[in-house]
Amino acid sequence: MSMDFEDYGRVLDDKTLEKPLLIFKIGVLGCAPLEFPEVLADEYDAELLSSDLVRKAIMEQKEAEGSKSRNIDVKRIRNVLGAQAEPILSAGDDVVLDMFVNGPRTREFPVRLAETTGALTLALWVNTPFQTAIDRVKQWTEEDAFPIPVAKWNVPPIAAAKAMMSNVVWPQHEGIDFVFNLRGETDTDGLLEQFDAKLEHFGLADRYDFVDEPHGE
């Protein structure tokens, strides 16, 4: 999946800079360390919303109702995430949306959500050699480290990662305010350092007073 594209971002003024950020990722399973979205949210005082946790809650509800079906409509998951994110963004707080939005049609969801709440959109293209991503997925599968147990996946994680490759499309603006191209073969601290540098480059670092502090200490 390792592909080089130019970052882009809109010109900011003081009023725009005050808007909350809706951050989401583009890539394949394994493109970043499993803990990266959680650490990113924690470092930047954002609320983490996870599609996996929503899916897990729905699965548990269905099991409690006696249903054996593991099929869950993606629209249902998006509706739940949207309902969770809207009051947070409307209150002026940032959100890290831990889900893959890899194509133009799927990216309509965060773009519409941002328009509704007056937020800025920031897409993280996590650009990782495919074998690195697969190696991570293999390790997480062996450790059963995913929020949803591997035994409950409809498609095995490695097969899911491979299937995602054909769906990854570089954004052609699409109403997205910023796109950061991150090298995902590094660890979480390395990703955070890249994120800091791009915040500085696009003038977003002024939203924070700690961007120049080292990570991992």
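The values are calculated or read from the model by the stated rules, or taken from the named source; none is laboratory data. If you're wondering where the values come from, they're calculated on a predicted model, not measured in any experiment. Cβ atoms come from the backbone with ideal geometry, glycine included; neighbour counts cover every protein chain shown.
Taking the range 30-87 as the range and being closer than 20 Å to P157 by Cα and among the β-branched types (V, I, T) as the test, the residues that pass are V54, I58, I72, V74, I77.
Take the range 182-200 and flag every residue that is over 16 Å from the mean Cα position of the chain (by Cα), within 17 Å of I23 (Cβ to Cβ) and either free of Cβ contacts under 8 Å to residues at least 24 places away in the same chain or surrounded by fewer than 16 Cβ atoms within 10 Å (Cβ to Cβ) (or both). Within the range 182-200, E193, D196, A197, L199, E200 meet the criteria.
Among the residues of the range 201-217, not a single one is crowded, with 18+ Cβ neighbours inside 10 Å and under 20 Å from V28 (Cα atoms).
Specify the residue that is farthest from E174 (Cα to Cα); the eligible residues are those in the range 114-147 that are under 17 Å from the mean Cα position of the chain (by Cα) and among the polar types (S, T, N, Q). Among them, the one singled out is T128.
Residues of the range 93-121 that are under 26 Å from P147 (Cβ atoms) and hydrophobic (A, V, I, L, M, F, W, C): V95, V96, L97, M99, F100, V101, F109, V111, L113, A114, A119.
When the range 159-180 is limited to residues that are out of contact with any strand residue (DSSP E or B) (no Cβ under 8 Å at 6 or more places or on another chain) and crowded, with 17+ Cβ neighbours inside 10 Å, the one that is farthest from H201 (Cα to Cα) turns out to be K162. Taking the range 106-157, which residues are small (G, A, S), modelled with pLDDT of 95 or more and surrounded by fewer than 21 Cβ atoms within 10 Å (Cβ to Cβ)? Hits for the range 106-157 are G118, A145.
Being over 15 Å from L29 (Cβ atoms) and touching a residue at least 60 places away in the same chain (Cβ under 8 Å) holds for only one residue in L120, L124, and it is L120. The residues of the range 159-212 that are under 20 Å from F100 (Cα atoms), of a type in the set (S, T, Y) and in contact with a Leu (Cβ under 9 Å, 6 or more places away or on another chain) amount to a single one, T188. Considering the range 60-85, and only residues there that are touching a residue at least 12 places away in the same chain (Cβ under 8 Å), in a helix (DSSP H, G or I) and of a type outside the set (S, T, N, Q), the residue that is surrounded by the fewest Cβ atoms within 10 Å (Cβ to Cβ) turns out to be R76.
Residues in the range 58-80 that are among the aliphatic types (A, V, I, L, M) and more than 23 Å from F109 (Cα to Cα): A64 alone.
Scanning the range 2-58 for residues that are free of Cβ contacts under 8 Å to residues at least 60 places away in the same chain, over 11 Å from the mean Cα position of the chain (by Cα) and assigned to a helix (DSSP H, G or I) yields D14, K15, D42, V54, A57, I58.
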